[in-house]
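Participant: Encoded as structure tokens, here's the structure I'll be asking about.
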Amino acid sequence: MGESTAQPYFTADFGEHGGRFNWSSHEEITQWVSKLQNDWMWVRNQQHNPTNNAWQAIANGFNAPIQALNHASNYKRQNQEQQAQSQLSSARSSLETFIRTNPWLLPDTPRRLFIERLRDSGQPLEAALIVANWMAQDFNNGAPIRQSINALLTWELYERGIKDRMKTENAALKRLAGDMQSTLTQFQESEHTQIERFDQLHSELTEQKDGQQTTFDAAQTQRDTQWQEKLSVVQKELDQLKSTYDQHMALAAPVAYWESKRTRHKWLAIVSFVALLICMLLVGWFLHAELKTGLNMALEVKASTNVQAATQPATTPVLVQGALQSAATWQLGAFLLMATLGFWFIRLLVRIFLSNLHLENDAAERCTMAKTYLALLRNGDLPKDDSIGTILAALFRPTGDGIVKDEGLPPTAMEWMTRLGGK
């Protein structure tokens, strides 16, 4: 029988003469019971009533547990676990009762070896009659008297130790010893195989452990190196960031100052440009209006002079003409004065606009220079010298009024005359 599993399918205890048996599956237990039943089928072949009745009793004793086992298998296939366990319990009870009553049915028992030796020695009928006697069958129904007496006498002599009992039991013990030695050898071989397998697994585990330890150590060393490199890079970046922050704090006020100054000059440039446009429009409108008024006045004076010359003496036009020339002279002078003032004011606005524009560009350049310096310092692209002094000197260099010489509108006629007179 095979080795028992941790949770065998079927177990049976046949007492001190039979021992405990385990089976791992339904097929294994049914095959074992069927083989045990078939081992005694030769009793039926003797064709006598006692032997036939003995075989029938043996067959019935094995058929009951086989039927219960088959019912249990069917219930398990139908997932009726409770009914299956009930049938298994019934099979166990009937099989244990039958074997405990007749332990000689089991293999390698002394009685069975005695019967098999008697059968194989040419006395199968006597052996079958002894089995019938063990099964409590009556010999009155057709049993040969001579063979019956011989069988009972042989059994009694064996049982009392007079004939072949020692030899039979010795053979049974030798067979059991051989079986035990075979089983022991199998266990020893299994143990040796397991030891070799354990040593192999231990060796493989040790190799894997060493390999993993080596890989881990290499990876750890690589991680330490990478960590130190990252730490150095981060520390360098932190130092640069700290230096940049310090420089930024040192340049924050100047940058804010020049940013505000740039914004102010930008708005002043816009306002001065708008004022310049408005002033140019107003001066142009004023000059146009004055010229138009002077032209209309001259036409009216001319028409009036012609009318008076036709109606009054000849002296009147001369007087009128003199008065008109005097008034025209004063009006022309006032016109030239206003034109000069208008052009001078426009030029002043142009200078203011250009001055604010230049100052706004200068402030923007200073801010850009400071921010560029901070960016270069953040990236570590500056030389290792004291550059902050150069930056601060450039930021706080003297600032002019933003007016470039000879810029703005072309010189007026008065300026040309002044320059020519100066020469």
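Participant: Using the Cα gyration tensor of the stretch 1-90, with a ≥ b ≥ c the square roots of its eigenvalues, what is the shape: rounded (a/c below 1.5), prolate (a/b larger than b/c) or oblate (neither)?
Facilitator: Because a/c hits 1.5 or more and a/b exceeds b/c, the stretch 1-90 counts as prolate.
Participant: Further, regarding this structure: Starting from the Cα of SER25, step 7 Å along the direction of its Cβ; do the same at ALA375; then give the gap between the two resulting points in nm.
Facilitator: Placing both labels 7 Å along Cα→Cβ, they lie 8.1 nm apart.
Participant: Quick check: residue separation of GLU81 and ALA218 times 0.36 nm, minus the Cα distance between them. What number comes out in nm?
Facilitator: 43.5 nm
Participant: So, one more: Hey, rough spin-label estimate for LEU277 and GLU196, points 7 angstrom out along Cα→Cβ, what's it come to in nanometres?
Facilitator: 10.5
Participant: Could you give the length gained by full extension between TYR257 and GLN240, i.e. 0.36 nm per residue of separation minus their alpha carbon distance, to one decimal place?
Facilitator: Separation in residues times 0.36 nm, less the Cα-Cα distance, equals 3.6 nm.
Participant: Could I ask something else about it? Work out from phi, with θ = phi - 60° and the Karplus expression 6.51 cos²θ - 1.76 cosθ + 1.60, the ³J(HN,Hα) of each residue of the stretch 97-105, listed in order in whole Hz, and give x for Gly and Pro.
Facilitator: Going residue by residue, I get 5, 5, 6, 5, 6, 10, x, 5, 5 Hz, with x marking Gly and Pro.
Participant: Just to be sure I understand the model, the point goes 7 Å from the Cα along the line to the Cβ. What's the resulting ARG100 to THR225 distance in nm?
Facilitator: 7.8
Participant: For a Förster distance of 45 Å, can you work out the FRET efficiency between the beta-carbons of ARG347 and THR368, rounded to the nearest 0.05?
Facilitator: 0.90
Participant: A follow-up question, please. Pairs to check: LYS266/LYS371; LYS230/LYS371; LYS261/LYS371; LYS242/LYS371. Give those whose C-alpha atoms are more than 26 Å from each other in this structure.
Facilitator: Listed pairs above 26 Å: LYS230/LYS371.
Participant: LEU157 to ASN38: extension gain in nm, 0.36 nm per residue of separation minus the Cα-Cα distance?
Facilitator: 40.0 nm
Participant: Would you mind putting 128-137, 110-119 in packing order, based on average other-beta-carbon counts within 10 Å, highest first? Provide the component values of the computation, followed by the final result.
Facilitator: On the way: 128-137: 22.2, 110-119: 19.5.
Packing order, densest peptide first, comes out as 128-137, 110-119.
Participant: Sticking with this one: Is the stretch 10-163 best put as rounded, prolate or oblate by its Cα gyration tensor, with a ≥ b ≥ c the root eigenvalues, rounded for a/c under 1.5, and otherwise prolate when a/b is larger than b/c, oblate when not?
Facilitator: Judged from the Cα gyration tensor, the stretch 10-163 comes out prolate (a/c at least 1.5, a/b above b/c).
Participant: Give a residue-ordered list of calculated ³J(HN,Hα) values for the stretch 37-50 (Karplus: 6.51 cos²θ - 1.76 cosθ + 1.60, θ = phi - 60°; whole Hz; x for Gly, Pro).
Facilitator: The phi angles translate into 5, 5, 5, 9, 5, 5, 5, 5, 6, 7, 6, 10, 4, x Hz.
Only the coordinates and a few stated rules stand behind these numbers; no lab work does. Just so it is clear, the structure is predicted and the values come from calculations on it, not from any experiment. Positions of Cβ are backbone-derived with ideal geometry, glycine not excepted, and every protein chain shown enters the neighbour counts.
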